[in-house]
Amino acid sequence: MNYNILTYCIYLPVIAVIMIKVGWMFYTHGEVFLYHLFQQHTTIVKPINNILLIGYYLVNLGYAIITLAYWETIESIPQMLNTLSEHLGVIILGLALLHYNNVLWLNYLVKSKTLKQ
């Protein structure tokens with residue numbers, strides 16, 4: 001039995017659900033955060049939020065495709081579960097790091113700009 005195909009059939013729907021669900025949550029809740037940060041400049045909130053969403057989807061899609069290209073041959077069910085959990089865990093941790101990095105830098109840039117005024 002080819003466990004790689006089975007692993008791909010599990011990985012792709014799971015990663016698609018994670019990307020779409022988390023991306024939409026970041027988009028909707030992030031808009032409220034951006035409105036709070038850019039109180040005087042509300043016209044730039046939508047474009048910034050759209051750019052962040054597009055960047056999020058591109059990073060995730062690129063990572064998912066690159067991950068598939070470099071998978072080793074899977075020969076057993078325990079190895080399949082290990083591979084799935086490893087790759088899904090890495091992308092979830094990467095999403096968390098990217099999200100908090102964006103929040104940190106946006107917050108820093110807005111606060112530093114308001115301190116200069």
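How far is helix 3-37 tilted off the main Cα axis of the chain, in degrees rounded to 10, range 0 to 90? Helix 3-37 sits roughly 10 degrees off the main axis of the chain. Compared with the dominant principal axis of the Cα atoms in the chain, helix 77-116 is inclined by about 10°.
Think of it as helices only: each DSSP H run of n ≥ 4 in the chain is worth -39500 (n - 2.57), and spread over all residues that comes to -31000 deg cm²/dmol at 222 nm.
Rounded to the nearest 20, the Cβ-based charge dipole of the stretch 3-116 about its Cα centre (Lys and Arg +1, Asp and Glu -1) stands at 700 debye. In the chain, taking the dipole from charged Cβ atoms about the Cα centre, the farthest positive-side position among 74, 34, 57 is held by 34.
Put +1 on the Cβ of every Lys and Arg and -1 on every Asp and Glu Cβ in the chain; which of 44, 13, 98 then has its Cα farthest towards the positive end of the dipole? Result: 44, furthest along the dipole toward the positive end. Hull volume per residue, based on the alpha-carbon atoms of the chain and their convex hull, is 90 Å³.
Taking only C-alpha pairs under 8 Å that are 6+ residues apart, what is the relative contact order of the chain in percent? Mind dumping the intermediate values first?
On the way: 45 pairs, mean separation 44.4, N = 117.
After rounding, I find 38 percent.
By the Stokes-Einstein formula, at 1.002 mPa s and 20 °C, the stretch 43-88 with its Kirkwood radius over alpha-carbon pairs has D equal to 167 µm²/s.
Each value in this text was obtained by applying a stated rule to the coordinates, not by laboratory testing. Here the structure is a predicted model, which means the values were calculated and not measured. Heads up, the Cβs are rebuilt from the backbone with ideal geometry, glycines too, and the neighbour counts pull from every protein chain shown.
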